[in-house]
Amino acid sequence: MTLRKILIHPDPRLKAKCTPVVDFTTDLAKLADDMLETMYHAPGVGLAAPQIGITERLIVLDCVKEEGGTPEPIIMVNPEVVWESEERNVYDEGCLSIPEQYAEVERPAVVEVKWQGVDGKERNEKFDELWATCVQHEIDHLDGTLFIDYLKPLKRQMITRKMQKLKREMARG
Ligand SMILES: [Zn+2]
């Protein structure tokens, strides 16, 4: 497994509409394993392929946050929300591509998601609480949507400017 570099906003690859995965190869399984390792290392609870510069519809997540909890990694290929609850939930969201920035985002509290495993097999499950927020946040990435796109323009611009500054500092080393 290899740690991948996580792209920082703003980056055109984070705004791309990702293409569906059609080939279920061992390369796909390896890529998913790299993404899980990169996510746990960060650490984070979710990661989408465009965040490592691969504009394909693939996400990984694990929202088990308790210290010493059993990991529950999920790899989703071509995920799709097929049902969402009327009930809404507000979470203080963050993103590995927008480090150290958090903001409240309102989303459906429960969602049903359909996806394929790395073996191409179809799966279907309902998610609530942090899992629901996380899976929606990651699927958004596949359409070039970031959580800051739900914020008021002024707040979004403020965060983007901070990230531009951070990227300049990182480039200088
Ligand atoms: Zn994110």
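The values are calculated or read from the model by the stated rules, or taken from the named source; none is laboratory data. This structure is a prediction, so every number in the text was calculated from the model and none was measured. Reconstructed Cβ throughout: ideal geometry from the backbone, glycine too, with neighbour counts over all protein chains shown.
For this structure, a couple of remarks:
- Qualifying residue in the stretch 22-31 (condition: modelled with pLDDT of 95 or more, more than 15 Å from the chain's Cα centre (by Cα), among the small types (Gly, Ala, Ser) and at negative phi): yes
- Any hit, the stretch 102-110, residues being part of a strand (DSSP E or B), within 16 Å of the ligand (Cβ to nearest atom) and touching a Gly at 6+ places or on another chain (Cβ under 9 Å): yes
- Criterion applied to 75, 54 was being under 12 Å from the mean Cα position of the chain (by Cα), away from the ligand (no atom under 14 Å from the Cβ) and of a type in the set (A, V, I, L, M, F, W, C), and the one residue passing it is 75.
- Residues that are buried (at least 18 other Cβ atoms within 10 Å of the Cβ) and farther than 19 Å from residue 94 by Cα, drawn from the stretch 9-27: 18, 21
- In the set (1) buried (at least 17 other Cβ atoms within 10 Å of the Cβ); (2) under 16 Å from the mean Cα position of the chain (by Cα); (3) assigned to a helix (DSSP H, G or I), the condition left unmet by residue 6 is number (3).
- Verdict on residue 70 being of a type in the set (Ser, Thr, Tyr) and farther than 30 Å from residue 164 by Cβ: yes
- Residue match in the stretch 113-124 (condition: of a type outside the set (Gly, Ala, Ser), within 16 Å of the ligand (Cβ to nearest atom) and crowded, with 16+ Cβ neighbours inside 10 Å): no
- Residue check, residue 65 basic (Lys, Arg) and part of a helix (DSSP H, G or I): no
- Restricted to the stretch 36-51, and to residues there that are part of a helix (DSSP H, G or I) and free of Cβ contacts under 8 Å to residues at least 40 places away in the same chain, the residue that is farthest from the ligand (Cβ to nearest atom) is 37.
- Of the set (1) touching a residue at least 60 places away in the same chain (Cβ under 8 Å); (2) exposed (fewer than 15 other Cβ atoms within 10 Å of the Cβ); (3) touching a Phe, Trp or Tyr at 6+ places or on another chain (Cβ under 6 Å), all apply to residue 92 but (1).
- Considering (1) out of contact with any Cys (no Cβ under 9 Å at 6 or more places or on another chain); (2) of a type outside the set (A, V, I, L, M, F, W, C); (3) in a helix (DSSP H, G or I), the lone condition that residue 114 does not fulfil carries the number (3).
- Number of residues in the stretch 141-173 that are in contact (Cβ under 8 Å) with a residue 12 or more places away in the chain and either in a helix (DSSP H, G or I) or more than 30 Å from residue 81 (Cα to Cα) (or both) equals 13.
- The residue that is farthest from residue 56 (Cα to Cα), counting only those in the stretch 117-140 that are among the hydrophobic types (A, V, I, L, M, F, W, C) and assigned to a helix (DSSP H, G or I), is 130.
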